[in-house]
Structure formats: structure tokens, C-alpha cells
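The values are calculated or read from the model by the stated rules, or taken from the named source; none is laboratory data. These figures come from a predicted structure and were not determined experimentally. A quick note on method: Cβ atoms are made from the backbone with ideal geometry, for glycine too, and the neighbour counts reach across all protein chains shown.
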Amino acid sequence: MNLSFAWNEDYLIPVIAILSSTILFLIYHFTGWSANVDEKFRQDESRLRIVMFRRVLGAGSFGLIPLLLILIFYNGKYSDFGLSFIHFHQSLLWVVVLGFLIIPMNYFAARKPTNLEQYPQIRKKEWTGGLIITSALSWIAYLTGYEFMFRGWLLFGTAIYTGTWPAIAINTAIYSLVHVPKGLNEAIGAIPLGIILCIATVSTGTIWVALLTHILLALSNEWFSIKYHPEMSFTP
């Protein structure tokens, strides 16, 4: 094997995409879960404020920084990174099919004790309509940034040089590793889900399948978890 350190200008975008995505997640994780943050919010037993802080932090760091990097290094061609509405009907078909799989799966999985230990992330005992809407909007904001970084910036940024399958492998590997703090089951589950979402993203040329599917996954799990949690209830 004859390897070389010679630089090729085509390396720029994939190198920046991989390094920046890794660094952004490290910043998000070690800021959002730092001792100082825990101390600041420790009196909030419902964890409402700290969850909102982490979601806003993720939405900003995962979404805004890649947008800026594409503007600087790729002349703001955001459509090349999944921000377009081409093949929108095909995207909706993907979402419907995946939704028919995800929602029933969450219906049965949400009631498991291991799931209820983590979800819903906000530990309010009484959930009002306003709280449900606020939590849903914060999930959507967070996941928009999250999916744009993973399935937009990182996936298309690496595929530009490596090709589709190496880019999917890199994306899925990093996607699984960032789920390690949530436990073995989520880290393993992120592998098939990550592959499917990457395939859907490449097939449609947009991030909408990944984003809408992830929103369905998060919100249905949260709502089913509230329903089945023995200490929680919905208060109109």
C-alpha cells in the first residue's frame, strides 16, 4: 500500500465536514452536560430548563455553524447539502412508509421501564397542552439543526469526495458513537436507522426524510412515554 500526505483541494470539504461535526458534538456534549450547567439547573427537579437549554444549544451549534461553513467554503450552495425541495413527493412517500414502522414500534417500546427511565426527558408530572407544544417545538428546532449537520453537512460533504457508500459508513459510525451516552440499545439502534436515513437522503437529494422521520420518532416516543409513565398525566 502506497500512501501519501500530498494534499488535494478536493479534500477540503470532507475534511472540514468530518472534523467540524465531531468538534461541534464534543462542544455540545461537554457544555450541555458540564458540572457548571448541572449546578446551575440542579434545583429544577422537572429538568424542564436544562432540557430546553440543551435543545437550544444543539439547534444553534448543529444548525448555524454548518450553514456558516458552507457559506465560507462552498459559496453558500445549500441545495448541494440537502436544503432543497426536489423530489418532495418521493420524500413524503419515504416518511409515510417509515412512519408506519416507527409509530407502532414506539407504541410498544415506550412502555418499557428502560425507556421510561430516560423519556420523556422533561420530568414534569403534569403535562399541559402548552408544555406539550413547547417541548415539541424545542424538539423540532433541535432535530432540524441535528439532521442538517448529520444528513446534510456531514453526509453530502463527505460524499462529494468519497462517494456514497464510504460517506454512509462514516456518517453511520459517527451517528452511532454520539448515541453512546444514551446507552447500548440506542447506540446499536442508531446503526440501522442511520443507514436507512442516509439512503433516503441520498435517494431524494434532501434532508427532509431524515428530519421528518426523526421528528416522528422523537415526538411519538415522548407522547407515548407520557401516556405510560406511572407518575405522569396530561392536564388539559
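As for the range 96-103, it holds no residue that is surrounded by 18 or more Cβ atoms within 10 Å (Cβ to Cβ), of a type outside the set (S, T, N, Q) and assigned to a loop (DSSP other than H, G, I, E, B).
Scan the range 132-185 for residues that are in a helix (DSSP H, G or I), farther than 24 Å from Arg47 by Cβ and free of Cβ contacts under 8 Å to residues at least 24 places away in the same chain and the total you get is 6.
Where residues in the range 218-236 are in contact with a Gly (Cβ under 9 Å, 6 or more places away or on another chain), not small (Gly, Ala, Ser) and not in a loop (DSSP other than H, G, I, E, B), which of them is modelled with the lowest pLDDT? For the range 218-236, the residue satisfying everything is Thr235. Return yes or no: is Ser203 within 23 Å of Ile18 (Cβ to Cβ), of a type in the set (S, T, N, Q) and in contact (Cβ under 8 Å) with a residue 60 or more places away in the chain? So Ser203 fits the description; yes.
Of the residues examined, Arg123 is one that is farther than 30 Å from Lys77 by Cα and of a type outside the set (A, V, I, L, M).
Of all residues in the range 11-23, none satisfies being surrounded by 14 or more Cβ atoms within 10 Å (Cβ to Cβ) and not in a helix (DSSP H, G or I). Evaluating Thr164 against the criteria (1) more than 18 Å from the chain's Cα centre (by Cα); (2) crowded, with 16+ Cβ neighbours inside 10 Å; (3) of a type in the set (Val, Ile, Thr); (4) over 18 Å from Arg55 (Cβ atoms) leaves one unmet condition, (2).
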